[in-house]
Amino acid sequence: MAGPAKKVEIPEKLYFRIGEVAKLVGVKPYVLRYWESEIPALRPTKTKSRHRLYRRRDVELLIEIKRLLYAERYTIEGARKRLRELQRNGQKPEANPPESPPPKPLTMKAARALIGKIRKDLTDIIKLLEQPSADLDADGVPAMRR
């Protein structure tokens with residue numbers, strides 16, 4: 001899991017080039033181009049020479065995308081959906097969202113109970129895997145039930 005999100009100071013400028021944005025966001029330029037191809041909300045303007053020019057809101061969106069992907073562990077598809085939800089609710093992505101509080105540590109009793117449950121679940125899975133199954137075809141694929 002990624003550490004706490006660091007605050008990003010976005011300079012007061014109208015436009016940013018891809019190299020500047022990559023440094024601000026903390027990723028390589030090719031990652032920004034990939035995200036651009038996958039996230040419809042991200043559409044930087046392009047000059048006549050096809051150089052990308054990002055506005056402040058694009059940089060804020062990229063910071064949110066990075067947070068969703070790296071800190072929150074969303075997939076690209078999940079991040080795309082989450083951004084759509086935010087847009088639908090009239091919220092704009094935050095460049096520096098508040099940090100979520102760290103999880104509370106388990107008591108020793110709760111930790112032992114959790115480990116016991118995990119151990120039981122794993123034992124059940126092993127038993128299932130060890131059972132010879134008549135429901136499998138010759139390739140080991142579950143046969144269709146009718």
(request) Hand me the trypsin sites (Lys or Arg not before Pro) from the range 48-82 located in a DSSP loop with no more than 12 other Cβ atoms within 10 Å, in residue order please. (result) Lys48, Arg50, Arg73
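Ranked from highest to lowest mean number of other Cβ atoms within 10 Å per residue, what is the order of the peptides 112-120, 10-18? Spell out each step's value before the answer.
On the way: 112-120: 10.6, 10-18: 13.1.
In decreasing order of mean packing, 112-120, 10-18 become 10-18, 112-120.
At 1.4 Å probe size, put Ile76, Ile125 in order of accessible surface, largest to smallest. Let's see the in-between values first.
Values: Ile76 35, Ile125 85 Å².
Accessible-area ranking of Ile76, Ile125, largest first: Ile125, Ile76.
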(message) Less than 12 Å Cβ to Cβ from Ala110, Lys/Arg counted +1 and Asp/Glu -1: what total charge do the surrounding residues give?
(response) +4
(request) Using θ = phi - 60° and the Karplus relation 6.51 cos²θ - 1.76 cosθ + 1.60, list the HN-Hα couplings for the range 122-130 in order, rounded to whole Hz, with x at every Gly or Pro. (result) 5, 4, 4, 5, 4, 4, 4, 6, 7
(message) Residues of the range 12-42 with backbone nitrogen within less than 13 Å of a virtual label 7 Å along the Cα-to-Cβ line of Arg56, please, listed as ranges.
(response) 12-16
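The values are calculated or read from the model by the stated rules, or taken from the named source; none is laboratory data. Note that the structure is a prediction, hence the values are computed from the model and not measured. Cβ coordinates were reconstructed from backbone atoms using ideal geometry, including for glycine residues, and neighbour counts include every protein chain displayed. With ligands, DNA and RNA removed, areas are computed over all heavy atoms of the protein, side chains included. Shrake-Rupley method; radii C 1.70, N 1.55, O 1.52, S 1.80 Å.
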